[in-house]
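Written out below as structure tokens is the structure these notes cover.
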Amino acid sequence: MAGNDKYDLLVIGGGPAGYAGAIRAAQLGKRVACIELERAGGTCLNWGCIPSKSLLKSAELYETMQHADVFGLSAKEITVDFAKVMGHSRDVSDQMARGVEYLLKKNKIDYYLGRGRVSVPGIVEITEGKDSNQFFSTENILISTGCYARSLPDVEIEGERILTSREALALKKLPQSIAIVGAGAIGVEFAYFFNTFGTEVTLIEMLPQVLPVEDEETSRVLSRAFKKQGIAIHVETKVENIKVGKKTVKLDLVKGDSHNPLEVESLLLAVGVEANLKDLFSAKVKPEMDRGFIKVDDNYESSVKGIYAAGDVIGPPLLAHVGTFEAVQAVNGIFNHSQPKRVKIFPGCTYCQPQVASVGLTEREVKEKGIKYRVGKFPFTAAGKAVAVNHPEGFVKLIIDEIYGEVLGAHIIGVDATELITEYVLAMNAEITAEEIHSSIHAHPTMSEALGEAAAAALGEAIHI
């Protein structure tokens with residue numbers, strides 16, 4: 001071990017949690033290193049959030065061009081070059097990864113490529129990769145290795161017939177038909193993408209609704225929209241007897257006593273994730289786990305002193321923006337800058353069309369807690385901007401405490417929902433009431449007007465419905 005290789009903080013994992021934690025420590029004047037197995041930005045930037053949003057924008061633009069005549073425009077013979085669509089998404093990822101690498105360099109963070117492993121508390125080695133066979137000593141270790149996509153028993157992910165989101169983001173050819181198992185955010189987004197470009201899509205969910213964590217009303221509206229778009233949806237349905245052939249995949253859709261065969265060109269598994277712990281700890285280091293994730297306390301410290309963790313590797317909510325928040329909070333605590341905060345209020349976003357976004361409790365959860373509440377709902381059909389841009393589908397739903405007007409939850413489905421939700425996140429963090437939202441003037445005409453109108457509706461003062 002070289003004498004100069006001692007760090008105040010060593011971060012294992014360079015995704016949204018890892019690089020953010022590393023940069024925050026550098027801002028605090030600490031000597032920092034970050035070890036990443038593949039490329040800075042992690043799964044989110046290279047094989048998740050960022051490239052998938054590029055694909056979804058391509059799909060959205062294609063869909064808009066199909067209806068150009070609504071705006072008095074004529075667009076004929078619109079074609080899709082699938083290779084270019086995929087190529088653009090890879091270019092975007094490369095650009096953003098270079099940006100993160102620049103930020104690490106700018107902040108004087110030593111960046112290593114390889115698989116990091118904690119040999120003993122305070123000692124990290126790189127066991128494989130470009131910078132393998134190096135050892136480092138450190139005062140503190142931050143684990144931010146994220147997660148990897150889960151498969152099904154006895155199903156091999158080989159990248160053509162059987163896919164996860166990662167393989168789907170590297171496809172060279174658009175499949176003629178695809179079954180997607182799992183209707184969470186990832187499954188729903190890919191269902192929209194493939195369907196828009198002409199793939200025959202079957203979306204399968206074991207639970208009673210698509211987007212199971214979302215409010216039931218939101219789910220119903222999205223299901224109607226997807227069915228109208230031509231996506232076949234099967235809820236409360238399992239898949240069995242998966243048989244992979246040279247050109248197709250055969251499986252059974254099982255709902256109750258009903259077994260219906262399905263044959264598709266590809267099968268995409270969006271059935272959740274597992275913490276990425278492979279070769280992360282030697283036999284001498286055994287932090288406590290919780291349902292397969294690293295268990296941490298309120299300071300993000302594991303059961304092993306000096307080893308901290310943040311992001312997906314510590315469990316739900318499995319969101320890039322949550323991971324970034326957690327890592328920054330952990331680092332602030334490690335170096336006594338401020339008392340770390342655990343995540344309580346956060347937005348959840350799904351980027352299909354119509355978009356879905358939410359924060360806080362669903363109406364069912366509020367009922368289960370026995371809280372007296374009011375609901376304010378405003379449809380985008382009554383919002384001038386939504387109608388003008390030909391996106392009148394969906395609504396804003398605000399759930400407030402009946403006595404104090406406190407925002408308990410907010411649910412949006414419609415165009416730009418993922419951009420709009422932040423106002424309600426801020427409201428919940430700042431304990432702003434529905435009355436204060438209502439009394440804040442929202443510009444006209446904007447999509448955000450619906451946020452103020454929903455608050456007014458919750459108070460029984462809506463003007464435009």
Point to revise | Output for segment 125-137, where each listed residue is within 11 Å of K6 (Cβ to Cβ) and crowded, with 18+ Cβ neighbours inside 10 Å | key: F136
Check your understanding: What number goes with the only condition from (1) free of Cβ contacts under 8 Å to residues at least 24 places away in the same chain; (2) over 25 Å from V80 (Cα atoms); (3) within 21 Å of the chain's Cα centre (by Cα) that R224 does not pass?
Key -> (3)
Review point. Just to be sure, is V85 surrounded by 21 or more Cβ atoms within 10 Å (Cβ to Cβ) and either modelled with pLDDT of 95 or more or outside any loop (DSSP other than H, G, I, E, B) (or both)?
Key: no
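Being basic (K, R), closer than 29 Å to F194 by Cβ, in a helix (DSSP H, G or I) and modelled with pLDDT of 95 or more, is that true of even one residue in segment 43-53? If you could, list the steps in order and put the result at the bottom.
Within segment 43-53, the subset basic (K, R) is 53.
When the remaining residues are screened for being closer than 29 Å to F194 by Cβ, the result is 53.
The next check asks that each one be in a helix (DSSP H, G or I); those that pass are 53.
Right, trim to modelled with pLDDT of 95 or more and you get 53.
Yes, the conditions are met somewhere in segment 43-53.
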Review point. Do you know which residues across segment 429-460 are among the aliphatic types (A, V, I, L, M) and exposed (fewer than 14 other Cβ atoms within 10 Å of the Cβ)?
Key: A430, I441, A443
Check your understanding: Quick check: is even one residue across segment 273-282 farther than 30 Å from G245 by Cα, among the aromatic types (F, W, Y) and either surrounded by 21 or more Cβ atoms within 10 Å (Cβ to Cβ) or touching a Ser or Thr at 6+ places or on another chain (Cβ under 7 Å) (or both)?
Key -> no
Study note, to complete from the structure: All-but-one check, N336 against (1) buried (at least 19 other Cβ atoms within 10 Å of the Cβ); (2) more than 27 Å from L171 (Cβ to Cβ), failing number (1)
Review point. So which strands (runs of 3 or more DSSP E) are wholly in segment 116-203 and hold at least 3 residues that are within 26 Å of G323 (Cα to Cα), more than 24 Å from the chain's Cα centre (by Cα) and in the same structural domain as E36 (by TED's automatic domain parsing)?
Key: 116-120, 123-126, 134-143
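On the given criteria, is R90 in the same structural domain as V124 (by TED's automatic domain parsing) and within 21 Å of the chain's Cα centre (by Cα)? Talk me through it step by step, then tell me what you get.
Working: in the same structural domain as V124 (by TED's automatic domain parsing): yes; within 21 Å of the chain's Cα centre (by Cα): yes.
For R90, the condition - in the same structural domain as V124 (by TED's automatic domain parsing) and within 21 Å of the chain's Cα centre (by Cα) - is met.
Give me a count of the residues in segment 240-279 that are under 24 Å from the mean Cα position of the chain (by Cα) and of a type in the set (A, V, I, L, M, F, W, C).
Just the residues of segment 240-279 that are under 24 Å from the mean Cα position of the chain (by Cα), to begin with: 266-278.
Keeping just the survivors that are of a type in the set (A, V, I, L, M, F, W, C) gives 267-271, 273, 275, 277.
Within segment 240-279, residues that are under 24 Å from the mean Cα position of the chain (by Cα) and of a type in the set (A, V, I, L, M, F, W, C) number 8.
The values are calculated or read from the model by the stated rules, or taken from the named source; none is laboratory data. Quick caveat, the model's predicted, so the values are computed rather than measured. Note that we place each Cβ from the backbone using ideal geometry, even for glycine, and neighbour counts take in every protein chain shown.
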